[in-house]
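Nothing in this text is a laboratory measurement; each read-out follows from the coordinates by a stated rule. Given the structure is predicted, the values throughout are model-derived calculations rather than measurements. So basically every Cβ, Gly included, is an ideal-geometry build from the backbone, and we count neighbours across all protein chains shown.
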Amino acid sequence: MSIEAGTRDEVVKLAATMAQDRFAPRAIELANTHDYPYDVFDELAAAGFFGLYHEERWGGLGLDLFTICQVVEELSAVSNTVSGIVVGQLQGSLPILIAGSPEMQEQYIPDVVAGRIRVAMALTEPGAGSDVLGMSTTAVQDGDDFVINGTKVFITMAAVADVVTVFAKVSPGRSASNIQGFVVPVGTPGMTIGKPEDKIAASALPSSEISFQDCRVPAAFRLGDPGDGFKHAMRVLDRIRPVIGVRALGVARGAYEAAVDYLKNRDAFEAPLSSFQGLQFMVADMATSIEAARALIKRACEAVEANDPLAPRYCSMAKYYSSDVAMKVTTDAVQLFGGYGLMREYPVEHRFREAKIAQIVDGTNQIQRWIIGRGILGR
Ligand SMILES: Cc1cc2nc3c(=O)[nH]c(=O)nc-3n(C[C@H](O)[C@H](O)[C@H](O)COP(=O)(O)OP(=O)(O)OC[C@H]3O[C@@H](n4cnc5c(N)ncnc54)[C@H](O)[C@@H]3O)c2cc1C
């Protein structure tokens, strides 16, 4: 099965079919394993899922952002692990797409698209997550090289990556103009990747600490112009936020569909659960909030495609609203399953855990509200 050709609708339909046929039978296993599923990565690569965004000259499909979101929704509705592999490959390559030199893009992007390499992006530090400017990792120029020192945390896919894009300060002080991105091949002396954290969800997708001790990289590995790293990192986050939002939306949809099915098939008080109006109201709220989130994601994607100056605001809205919807919908789905909702062999408890992650990663939902609020109020 491959998504190489076809109209946008066909691409989305193929993603849905593949998700159902290939990954639905393994969804609970994939949600709970602590082993990275290399076979899923290979299957996604062979089918063309890593080139959704990337241009055709690199072997990609160059799809518009909303079609990509639709594909991610279909994958995520079945398995947040599967959608996470696709999103990880996209996010890890975005710094190179946004700020890499043409030579660097030629070197890495075709390999990303073909699945010959895995990529990750390292911004967060032990003492600086939301507060990106508070980072303390440094990259000091020494002749034709830069020497990186510092620690990054929670870096998704680092433990399985071939290349990590790393953001560091090239001069002291708290400033948006002294941060620089670097491409750092895994295995570069001085770079150590820790063992994956034991987290409540997405346990198959490793998040690890990376420490840099006198890690030397050539100046040619810099991403973009000196000091533009903060701007580049923010551009990556703007682009990825609707995708993170739709990944959460897919999780919500998966939980909602499972709950609807369950209500139709379980009886209480000598009647199907689906006949109780109180539960019908819950289902109505779930369905409505999923539709509203999808509309907001579409709005954000359109704003990005149109280079609308308000695009970052819409992307923040799409990310926080969709992940908040996912948290509410998955919580309600667990409730509708009763005691079974808490059992690992039922299809809702892992989605409840996965929704929580989406409220935190790629800028917490408080930070999204801050971006929106200060933009509206002009401060
Ligand atoms: C599973 C997982 C995967 C991740 N993957 C990656 C990755 O691949 N690459 C990467 O670079 N990072 C990654 N992260 C890091 C993630 O982006 C950060 O955890 C997130 O940005 C929050 O930073 P923090 O954890 O330091 O929390 P903090 O910034 O310490 O925030 C703590 C709390 O305070 C709130 N807060 C902070 N500042 C404000 C403010 N000004 N106003 C209101 N509230 C505020 C936050 O919303 C949060 O609730 C990952 C994290 C997780 C959990």
* **Relative contact order (percent, whole number), the chain, Cα cutoff 8 Å, 6+ residue spacing** => 16
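Pairs of alpha-carbon atoms within less than 8 angstrom and 6+ residues apart define the contacts here; what relative contact order does region 9-154 have, in percent?
Worked out over region 9-154, it gives 21 percent.
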* Asked: Looking at region 295-347, which GluC sites (Glu not before Pro) are in a loop (DSSP not H, G, I, E or B) and have at most 14 other Cβ atoms within 10 Å?
  -> Glu345
* Please state the Cα pair-distance histogram of region 252-297 with 5 angstrom bins from zero: what percent is in each bin? -> 5, 22, 28, 21, 12, 7, 3, 1, 0
* Asked: Once phi is turned into θ = phi - 60°, what whole-Hz ³J(HN,Hα) does the Karplus curve with 6.51, -1.76 and 1.60 give for every residue of region 94-102, x standing for Gly and Pro?
  -> 4, x, 6, 5, 7, 10, x, 5, x
* What translational D, rounded to a whole number of µm²/s, comes out for the chain from Stokes-Einstein when the hydrodynamic radius is the Kirkwood one over Cα pairs, at 25 °C and 0.890 mPa s? -> 116
* **Cubic angstrom per residue, convex hull over Cα atoms of region 190-253** => 124
* 26 Å Cα-Cα reach of Lys356 towards lysines, excluding residues that sit fewer than 8 places from it in its own chain -> Lys152, Lys195, Lys199, Lys298, Lys319, Lys328
* Structure fact -> Scoring only Lys, Arg, Asp and Glu (+1, +1, -1, -1) among other residues with Cβ under 14 Å from the Cβ of Asp214 yields -1
* Asked: Alpha carbon centre of region 102-145 versus region 38-63: separation in Å?
  -> 21
* To do: Could you check how many percent of all C-alpha pairs in region 7-93 are farther apart than 23 Å?
  => 16
* Would you grab the residues whose amide H sits under 5 Å from the one on Glu125? Only those 5+ places off in sequence or on another chain, please, with H modelled 1.01 Å from N. => Val153
* Per residue, what volume in Å³ does the Cα convex hull of region 113-191 take up? -> 112
* By what distance, in whole Å, do the Cα atoms of region 278-379 stretch along each of the three principal axes, largest value first? -> 47, 24, 24
* To do: Averaging sequence separations of C-alpha pairs under 8 Å and six or more residues apart, then dividing by the length of region 207-322, give the relative contact order as a whole percent.
  => 33
* Asked: Under a Cβ-Cβ cut-off of 14 Å, what is the net charge of the residues other than Thr137 that fall near it, where Lys and Arg count +1 and Asp and Glu count -1?
  -> -1
* Asked: For the chain, what is the charge dipole size about the Cα centre, in debye to the nearest 20, if Lys and Arg each add +1 at the Cβ and Asp and Glu each add -1 at the Cβ?
  -> 1060
* Can you list the residues, at least 5 places off or on another chain, whose amide H is less than 5 Å from the amide H of Ser101, using H built in the peptide plane? -> Gly224
* Asked: Per residue of the chain, what 222 nm ellipticity follows from adding -39500 (n - 2.57) for every DSSP H run with n ≥ 4, rounded to the nearest 500?
  -> -17000 deg cm²/dmol
